[in-house]
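Here's the structure we're looking at; comments come further down.
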Amino acid sequence: SGIKTWSFQYRIKGKPYPFRKKIGNYPAVGVNEALRKAKQVSQQIFNGSDPKEQIKSDILKMQLGDAIRKYYVEELTEANRHRPNTIKNIKAIFKVWIFRDTYDKTKLEILNRVEDLQYKKLSSITAKKFKQHFQLVGSTSPTVANRLQEYLRKFWNDFVKEQDNPFIMKKKFMYDEKVYLDFLDPTELKQVMKVLVKVNQVT
């Protein structure tokens, strides 16, 4: 796939199958650093702790902004079967509505009415907090609010992988989107054909 990943394979007493802990991608993580991290994992196992539980704990302690940046590098890549257009769209939404990277004063005024989610620990983000954020984004663009919810839900499922996803919303709270029909119905087609097409009568 073009990505080289360091992993440490281990077994936990009482579990029938081996597990793998991802240590990092090469060349960002070199040989020496990979060995050092592998020894740390080995020591954790020797001391009786499960690295999988430690990973979950470490991720939930991360701030949303830092976690999303890590998500860009480790998960949201073409090598992981994400289309370039999908990657572009997700980053464009997060750039404004999570990282507040915009010169649009209207959008910044809206964002200033809610807590800055990028600096919140993942463990502290609740469905109620996100709903406030979602509704404010929806006040300027319902479609963008829906995409923000969809992309954050995907981020949580792909990267955090915890059951209590605060970015899942009931359908009744989502905004209705107008369906754009880019084709003509039979009546419209007849009207267009009358104007555009003339049949020459051959005598």
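The values are calculated or read from the model by the stated rules, or taken from the named source; none is laboratory data. These numbers were taken from a predicted model, which means no experiment stands behind them. Note that we place each Cβ from the backbone using ideal geometry, even for glycine, and neighbour counts take in every protein chain shown. Please note that ligands, DNA and RNA were not included when accessible areas were found on the heavy atoms of the full protein model with its side chains. Shrake-Rupley method; radii C 1.70, N 1.55, O 1.52, S 1.80 Å.
Tell me, which residue of region 42-51 that is in a helix (DSSP H, G or I) and without any contact (Cβ under 8 Å) to a residue 24 or more places away in the chain is surrounded by the fewest Cβ atoms within 10 Å (Cβ to Cβ)? Walk me through it before giving the result.
We begin by selecting, within region 42-51, every residue in a helix (DSSP H, G or I); these are 42-46, 51.
Restricting the remaining residues to those that are without any contact (Cβ under 8 Å) to a residue 24 or more places away in the chain gives 43-44, 46.
Values: Q43: 10, Q44: 16, F46: 8.
My answer is F46.
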Exactly one condition in (1) open to solvent by 90 Å² or more (accessible area, probe 1.4 Å); (2) modelled with pLDDT under 95; (3) within 15 Å of the chain's Cα centre (by Cα) is not met by D158; state its number.
(1)
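For region 137-144, check the following and say yes or no: at least one residue is out of contact with any Phe, Trp or Tyr (no Cβ under 6 Å at 6 or more places or on another chain), under 18 Å from K61 (Cα atoms) and surrounded by fewer than 16 Cβ atoms within 10 Å (Cβ to Cβ). Step through it out loud before you land on a result.
Within region 137-144, the subset out of contact with any Phe, Trp or Tyr (no Cβ under 6 Å at 6 or more places or on another chain) is 139-141, 143-144.
Pick out the ones that are also under 18 Å from K61 (Cα atoms) and you get none.
No, region 137-144 contains no residue that is out of contact with any Phe, Trp or Tyr (no Cβ under 6 Å at 6 or more places or on another chain), under 18 Å from K61 (Cα atoms) and surrounded by fewer than 16 Cβ atoms within 10 Å (Cβ to Cβ).
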How many residues are β-branched (V, I, T) and under 20 Å from F155 (Cα atoms) if we restrict to region 82-135?
8
First in region 102-126 and among the small types (G, A, S), second anywhere and surrounded by 14 or more Cβ atoms within 10 Å (Cβ to Cβ) and assigned to a helix (DSSP H, G or I), Cβ under 8 Å, 6 or more apart:
S123/L60
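Filter region 1-18 for residues that are open to solvent by 100 Å² or more (accessible area, probe 1.4 Å) and either among the basic types (K, R) or more than 24 Å from the chain's Cα centre (by Cα) (or both) and give the result.
Taking region 1-18 as the starting set, the residues that turn out to be open to solvent by 100 Å² or more (accessible area, probe 1.4 Å) are 1, 4, 9, 11, 13, 15, 17.
If the condition is that a residue be open to solvent by 100 Å² or more (accessible area, probe 1.4 Å) and either among the basic types (K, R) or more than 24 Å from the chain's Cα centre (by Cα) (or both), then K4, Q9, R11, K13, K15, Y17 are the ones that fit.
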Selected residue (only one of Q149, Q132 is open to solvent by less than 30 Å² (accessible area, probe 1.4 Å) and not basic (K, R)):
Q149
I'd like the full set of residues that are touching a helix residue (DSSP H, G or I) at 6+ places or on another chain (Cβ under 9 Å), without any contact (Cβ under 8 Å) to a residue 24 or more places away in the chain and among the β-branched types (V, I, T), limited to region 6-41.
I23, V29
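Could you say which residue among K88, K21, K61, K95 is within 30 Å of S124 (Cα to Cα), in contact with a Lys or Arg (Cβ under 9 Å, 6 or more places away or on another chain), charged (D, E, K, R) and open to solvent by 50 Å² or more (accessible area, probe 1.4 Å)? Break it down into steps so the answer makes sense when it comes.
On the way: K88 fails: in contact with a Lys or Arg (Cβ under 9 Å, 6 or more places away or on another chain); K21 fails: open to solvent by 50 Å² or more (accessible area, probe 1.4 Å); K95 fails: in contact with a Lys or Arg (Cβ under 9 Å, 6 or more places away or on another chain).
None of the other options fit; the residue is K61.
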Assigned to a helix (DSSP H, G or I), in contact (Cβ under 8 Å) with a residue 24 or more places away in the chain and farther than 22 Å from I68 by Cα, is that true of T143?
no
Count - residues of region 41-99 that are in contact with a strand residue (DSSP E or B) (Cβ under 9 Å, 6 or more places away or on another chain), at pLDDT 85 or above and β-branched (V, I, T):
1
Please determine whether any residue of region 99-121 is of a type in the set (K, R), within 23 Å of N146 (Cβ to Cβ), surrounded by 14 or more Cβ atoms within 10 Å (Cβ to Cβ) and within 19 Å of the chain's Cα centre (by Cα).
yes
